[in-house]
Every structure is written in structure tokens, then in C-alpha cells.
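Data block below; observations after.
The values are calculated or read from the model by the stated rules, or taken from the named source; none is laboratory data. If you're wondering where the values come from, they're calculated on a predicted model, not measured in any experiment. Every residue, glycine as well, gets a Cβ built from its backbone with ideal geometry; the counts of neighbours run over all protein chains shown.
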Amino acid sequence: MSKKDIQKYISRANKYKAVGHPYRLAALEFCVEEKCVGEIEKYLGIPQSAVSQHISVLRTRGLVTERRSGVFRYYKATPEAMEIITEVQK
């Protein structure tokens, strides 16, 4: 196995680790449609600071995209995240 192959598996494993937390998985599923942090906070029932930390993990793993509009930030699951959600729901 080449180093490139190993890196591919490491990247994929890290994405699965990101959805290994119940709040991150729930946030990711909720963000199938674009949502702002306030909406995610209400849905999860946890403080905004905790939502931001979970979203940060998802963003760094490339599972959500961010769009800024004024002071608001909107997040949406990426196509790759949708594949992971589908696999996890089986």
C-alpha cells in the first residue's frame, strides 16, 4: 500500500471520527438544508459555544460548508457528508 493510499484512509477515518459524537452527527443531519448557528442551537438544545465547537470539527474535516451573511454564519452538509450520513443511517 502506498503512502497516498494510507493518507486516503486516514482522511476517511478522521471524517468518521468527526461524526462519532452524537451532537455532531445530529448537527450534520440537521444541516442537510442550510442552517444558521441559532437554528442548530435550538435543535440540539445545547449552548451556542458548544454548537460552535462541534461545527468547527465538522468544518475542519470538510463535512460542512460555511456561508457568511452579515453577522450570521450558515452551514450546510457537503455531498461527502451526505454519503456518510446515508451510511450511518443504515
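Observations on the model:
- Residues that are among the small types (Gly, Ala, Ser) and either farther than 17 Å from Ala26 by Cβ or modelled with pLDDT of 95 or more (or both) within the stretch 53-90 comprise Ser56, Gly62, Ser69, Gly70, Ala77, listed in sequence order.
- For the stretch 15-45, a residue qualifies if it is of a type in the set (A, V, I, L, M, F, W, C) and within 20 Å of Val88 (Cβ to Cβ), and the qualifying residues are Ala18, Val19, Leu25, Ala26, Ala27, Leu28, Phe30, Cys31, Val32, Ile40, Leu44.
- If the condition is being aliphatic (A, V, I, L, M) and either farther than 19 Å from Glu83 by Cα or part of a helix (DSSP H, G or I) (or both), then the stretch 22-47 contributes Leu25, Ala26, Ala27, Leu28, Val37, Ile40, Leu44, Ile46.
- Conditions (1) in contact (Cβ under 8 Å) with a residue 60 or more places away in the chain; (2) within 12 Å of the chain's Cα centre (by Cα); number of the one not met by Val88: (2)
- Looking only at the stretch 48-84, residues that are in a strand (DSSP E or B), loosely packed, with under 13 Cβ neighbours inside 10 Å and of a type outside the set (D, E, K, R) come to 2 in all.
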